[in-house]
Amino acid sequence: MSKDVHGEWPQHWACLNSFISMSIIEIDIMAKADNLQGALELLVMKILRRGPNHGFAVSSYIQQTSDEILRVEAGSLYPALHRMTEAGLLKAEWRVSEAGRRARFYELTAKGRRKLETDEKRWRAVSGAVAKILRTV
């Protein structure tokens, strides 16, 4: 469909264009740091769904499972674990690790499990939409 002789889009295209512009604005409003933080929180919750673990093990799991593509630095992971604990998504306690060292272990709470379910659905919808566009263009 193309613009008319006056350079205007047909009415139904104008509505679609308005919707797309609004969605783009909404996406642009979300700071990149928030998007990355949300992705990290999703990964952490998914990993801790399997059971309690310490931060280094979570970081190692992300790195190994992603074939070394994703690396989570301590300066990002530990503040995220702290925020998630403060928000009631995780509970934390000091234990002795497999290596015999004292480490803080994190466990997903019921609130965290609910958030994981919601966030994972949202992530799959968004990533599916992006993948669909990448396949068609």
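Some points to look at:
- All positions within the stretch 96-137 that are in a strand (DSSP E or B) and farther than 20 Å from Asn53 by Cα: none
- Total residues in the stretch 54-78, condition surrounded by fewer than 19 Cβ atoms within 10 Å (Cβ to Cβ), of a type outside the set (A, V, I, L, M) and not in a loop (DSSP other than H, G, I, E, B): 9
- Per this entry, Asp119 is not counted among residues that are acidic (Asp, Glu) and on the phi > 0 side of the Ramachandran plot.
- Candidates are the residues of the stretch 88-137 that are hydrophobic (A, V, I, L, M, F, W, C), free of Cβ contacts under 8 Å to residues at least 24 places away in the same chain and within 20 Å of Lys46 (Cα to Cα); the one that is surrounded by the most Cβ atoms within 10 Å (Cβ to Cβ) is Ala92.
- Test: residue in the stretch 100-107 that is among the hydroxyl-bearing types (Ser, Thr, Tyr), under 17 Å from Gly38 (Cα atoms) and at pLDDT 95 or above: no
The values are calculated or read from the model by the stated rules, or taken from the named source; none is laboratory data. In this text the structure is predicted, and so the values were computed from the model without any measurement. Positions of Cβ are backbone-derived with ideal geometry, glycine not excepted, and every protein chain shown enters the neighbour counts.
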